[in-house]
1. Kindly provide the trypsin sites (Lys or Arg not before Pro) of the range 150-214 that DSSP labels as loop, not H, G, I, E or B, and whose Cβ sees at most 15 other Cβ atoms within 10 Å.
2. Give me the net charge for the shell around TYR196: Cβ to Cβ below 14 angstrom, other residues only, Lys and Arg +1, Asp and Glu -1.
3. Cα atoms only, the range 103-209: Rg and Dmax in Å?
4. Show the residues, 5+ positions off or on another chain, whose built amide H is closer than 5 Å to the amide H of SER205.
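No value in this document is a laboratory result; all are computed from the given coordinates. This structure is a prediction, so every number in the text was calculated from the model and none was measured. In this analysis, Cβ positions are derived from the backbone assuming ideal geometry, glycine residues included, and neighbour counts consider all displayed protein chains.
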Amino acid sequence: MYYYADSLISSLSDKGKVIGLESGKCHYFNNCWDDRIIKWEGDERSPSFYKYGNEDYVEMKKWMITSILITALLLTAACSDDSSKAKKDKVTTNKEEVTYKTKTVNNIDMKINQIKTTESTKEKINMVSIEMTFVNNDNSTVGVGAADFKIKSGDKTYTVYPQGNNFGDEIEPSKELTGKAFFELPETIKKGTLVYAPSEDELASWSITIPDAE
């Protein structure tokens, strides 16, 4: 199939679209993909019209557009995968569990199991819960409570949140107690020291990391 045009080649040449012509051949022409499909008729100095072979051009143009679209889709998919991986890595890091050493005070093993943070109803305040397990290795009953613990960060000391469901009970010999201590902390605090101080003396301490609010 051929498409025809009435424009004179000489007028196109004046506009810079045709650089040079020879009988039956095109040196350069706008959109001239293949000079084999360009046909000229008439004297080269005053040609009457041109015929432009459209089929090969259309097929080539379709191929180019398809290639561009496929490349764009592949790049978009790659970027999406990278973004998803970054988000997944970030979530995994935030939820990474930190282990703390068990410490023994007065024949009582004290272990931090988990620290969890949630948003408080108060502005810029988080509720931090510390779950702990205590094992009584003594031959008599001992008592332990959340009020014996404090969190220090910078030059400030935070006591347990009194309205929280804090642990506190007596532990018989060879028995254990698991419970939580709740603290209200500013959301800017990410690290601190958990201190066990049933009296004025600090008997044990742990350097702790405060996770992001869930």
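1. Loop-located and lightly packed - LYS175, LYS190.
2. Every neighbour counted, the sum reads 0.
3. 13.9, 47
4. TYR196
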